[in-house]
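Student: Please find one structure pasted underneath; my questions will follow.
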Amino acid sequence: AQTVTQSQPEMSVQEAETVTLSCTYDTSESNYYLFWYKQPPSRQMILVIRQEAYKQQNATENRFSVNFQKAAKSFSLKISDSQLGDTAMYFCAFMKGETSGSRLTFGEGTQLTVNP
Amino acid sequence: DAGVTQSPTHLIKTRGQHVTLRCSPISGHKSVSWYQQVLGQGPQFIFQYYEKEERGRGNFPDRFSARQFPNYSSELNVNALLLGDSALYLCASSLAGGPYGVSLHFGNGTRLTVT
């Protein structure tokens, strides 16, 4: 079974600064995907960024980037130039790369607050 | 284009009752998954359906059941409700199952309160 651990229940950052959220995972799979999802108070889970395990290059989406360390099973999210709208709960998630099924295993989440 | 829609938005039930939650996927999406999110925790996988067949089931009791209809919409049913079933129930859709369906699109959820 896969596990995902987020060790920071809460974090805060000043607007325009950079913040890094941590995530570690445990799996015996060789083919898998990792995700960061954002859940604002509206409750909708929004995909922030995705990383394929077979890709060595770290994924980047505008102000969001990841540091994927496969050997260490670490997958951190860096948010640059933080904006007030980034305030939300952030979840790290894992998905096996199997041919059927698309089950996500989520971590417990990190509540990020961006202060003006 | 409409996103994933779930109904109802909120629901209050009494212990022992039955509840049905509904989900309409994004047009063209054939896979639907259900997740339970208890307050303060990450979502837990309940079911996945693809092309009207169950493709995965999480560690939930048999009181939980689901189905997918020919138009790919889905229902989640929970019988004999317990206080512990109080949670946000999220539905997610994707284009297909498997690796082609890795990008899940979530609805806004149904908040179920059991009293």
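Computed from the coordinates by the stated procedures, all read-outs in this text should not be read as laboratory data. A quick note: this is a predicted structure, and the numbers were derived from the prediction, not measured. So basically every Cβ, Gly included, is an ideal-geometry build from the backbone, and we count neighbours across all protein chains shown.
Student: Please list, in order along the stretch B:102-115, the HN-Hα scalar couplings obtained from phi with the Karplus expression 6.51 cos²θ - 1.76 cosθ + 1.60 (θ = phi - 60°), rounded to whole Hz, x for Gly and Pro.
Tutor: In residue order, the calculated couplings are 6, 8, 8, 10, 9, x, 7, x, 10, 8, 9, 10, 10, 10 Hz.
Student: Still on this model: Would you list, by chain and number, the aspartates and glutamates whose Cα falls below 19 Å from the Cα of A:LYS96, excluding same-chain residues fewer than 8 positions away?
Tutor: The qualifying aspartates and glutamates are A:ASP26, A:GLU29, A:GLU52, A:GLU108, B:GLU54.
Student: Take the cross-link list A:LYS38/A:LYS73; A:LYS38/B:LYS30; A:LYS55/A:LYS78 and give me the ones stretching past 28 Å between alpha-carbons.
Tutor: none
Student: Provide the FRET efficiency to the nearest 0.05 for the A:THR5-B:SER65 pair, computing r from the beta carbons and using R0 = 30 Å.
Tutor: E(calc), rounded to 0.05, equals 0.45.
Student: Taking θ as phi - 60°, what are the ³J(HN,Hα) couplings along the stretch B:82-96 by the Karplus curve (6.51, -1.76, 1.60), each to the nearest whole Hz, with x for Gly and Pro?
Tutor: 10, 4, x, 7, 4, 5, 8, 9, 9, 10, 9, 10, 8, 4, 8
Student: Go ahead and run the numbers for FRET between A:THR113 and A:LYS55, Cβ-Cβ distance against an R0 of 35 Å, rounding to 0.05.
Tutor: 0.65
Student: Something else now. Can you give the FRET efficiency for A:SER80 and B:HIS10, using 1/(1 + (r/R0)^6), R0 = 30 Å, r = Cβ-Cβ distance, to the nearest 0.05?
Tutor: For A:SER80 and B:HIS10, the calculated efficiency is 0.25.
Student: Alpha carbon centre of the stretch A:32-80 versus the stretch B:67-95: separation in Å?
Tutor: 27
Student: Counting other C-beta atoms within 10 Å, which of A:LEU47, B:LEU81 has the fewest, and how do the rest follow?
Tutor: A:LEU47, B:LEU81
Student: May I pose another question? For A:SER102, which sequence-distant residues (separation of 5 or more, or a different chain) have an amide H within less than 5 Å of its own amide H, given hydrogens modelled in the peptide plane?
Tutor: Answer set, sorted by chain and number: B:GLY98.
Student: Here is a further query. Got a sec? How would B:CYS91, A:CYS92 order by Cβ neighbour count within 10 Å, fewest to most?
Tutor: Exposure proxy ranking, most exposed first: A:CYS92, B:CYS91.
Student: Sticking with this one: What ranking do A:PHE94, B:PHE45 get, fewest neighbouring Cβ atoms within 10 angstrom at the top?
Tutor: B:PHE45, A:PHE94
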